[in-house]
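Just below is one structure, and these are the notes that go with it.
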Amino acid sequence: MPMLAKNDVGSTPCAPNPWDTSRPRRLGILINPQSGANRHSLQAILRILDRYKPAIHRLVRGPKDVAGALTDMAAQQVEVLAVCGGDGTVHAMLTALFPTSPFAVRPLVVLIAGGTTNMTAADVGMGGKPVRALERLLAWSEGRGPSGQLVRRAILRVDCGPGSAPQFGMFFSAAGIVQVTRVRRATRRQAGSKLMRGGLGTAVTVGRYLLGLAMGRRVVEPTPIAVRLDGQSCGTHNYLALFITTLVRLNPGIRPYWGEGDGPLRYTAVAYEHQDLLLAAPSFFHGRPNRYLTPESGYTSRNIHEAVLQLKAKCALDGQILAGESPRVLTVTHGGEIDFVRL
């Protein structure tokens with residue numbers, strides 16, 4: 001049985017001969033012990049890895065740990081890189097791999113949902129709890145078990161201005177999304193059940209905000225942003241939400257983009273002064289354009305190559321607040337491509 005099946009793969013793979021089953025893959029695993037799901041599974045994960053000697057694993061707690069671990073794994077010729085952590089750990093891994101990688105050949109990447117939200121892993125990673133996912137990964141790396149699916153995705157590059165190193169990820173957000181994310185983190189810490197700390201809690205939080213907006217309440221503050229898309233100025237407006245992503249599906253299972261164009265980046269924005277929110281919401285979340293989802297009503301979606309944003313408020317990449325002076329100009333572009341293995 002083949003180890004990989006092709007799916008949406010370009011003509012230049014990151015790793016050579018990814019469908020070669022004649023030998024085991026050299027596997028490296030990054031584990032963030034502070035990520036949500038990992039806090040409950042860490043000892044079980046480490047017991048499995050102690051029995052599986054061929055895999056190299058490193059505990060990482062921040063970007064510096066991730067960068068150091070990747071340099072070590074590159075020296076040991078790791079071919080498949082697994083990340084067992086949340087969206088922030090994935091963001092740190094991508095920023096360490098782009099634009100220059102410590103690897104002579106960029107490895108295939110496997111994402112294990114070891115965090116709390118796990119939006120990136122839900123789209124291009126492995127399903128299931130970390131322990132079960134790790135067992136499937138180890139079997140696959142030896143040529144056993146089900147075949148994997150190779151998915152190539154574009155990566156976002158975010159330049160925060162002079163003196164700042166570029167950041168890489170898959171979901172850039174600003175305006176109300178960042179405000180709600182901060183509230184969600186606070187409520188997650190107070191949640192009494194695992195369900196409410198995960199995707200269900202996120203859906204409940206978003207639902208409460210939508211209900212408040214529909215009732216005309218000021219649940220988030222307007223965020224003025226000057227926007228230029230692919231060299232064309234869109235002016236300065238107050239925004240309720242603005243995001244740019246290369247993910248296909250967002251948590252909790254939504255696809256809020258319906259725009260046209262050949263750009264690799266999906267841009268969606270909702271004006272603060274929007275219309276017909278309840279009527280637009282079903283089509284908005286499923287990415288199905290209707291007569292309510294129009295720029296005139298405050299809803300914009302396009303496939304773009306570049307976005308230049310000038311703003312004073314905080315913004316985030318994969319849930320991590322981007323550092324920098326305020327006000328500032330951010331440039332979001334296509335930062336490269338990477339091959340994920342989905343098992």
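So, in the stretch 288-336, how many residues would count as being surrounded by 21 or more Cβ atoms within 10 Å (Cβ to Cβ) and not in a strand (DSSP E or B)? Qualifying residue count, the stretch 288-336: 4. In contact with a Leu (Cβ under 8 Å, 6 or more places away or on another chain) and among the hydrophobic types (A, V, I, L, M, F, W, C), is that true of Val248? The answer is no for Val248.
Taken together, the residues in the stretch 229-287 that are free of Cβ contacts under 8 Å to residues at least 60 places away in the same chain, in a helix (DSSP H, G or I) and of a type in the set (A, V, I, L, M, F, W, C) amount to 4.
In the set (1) at pLDDT 95 or above; (2) more than 15 Å from Arg228 (Cα to Cα), the condition left unmet by Tyr267 is number (2). You will find that of Phe103, Phe98, the residue that is surrounded by fewer than 24 Cβ atoms within 10 Å (Cβ to Cβ) and without any contact (Cβ under 8 Å) to a residue 60 or more places away in the chain is Phe103 and no other.
Taken over the stretch 285-338, the criterion of being farther than 16 Å from Leu229 by Cα and of a type in the set (Lys, Arg) is satisfied by Arg288, Arg291, Lys312, Lys314, Arg328.
The values are calculated or read from the model by the stated rules, or taken from the named source; none is laboratory data. Computed from a predicted structure; not experimentally measured. Every residue, glycine as well, gets a Cβ built from its backbone with ideal geometry; the counts of neighbours run over all protein chains shown.
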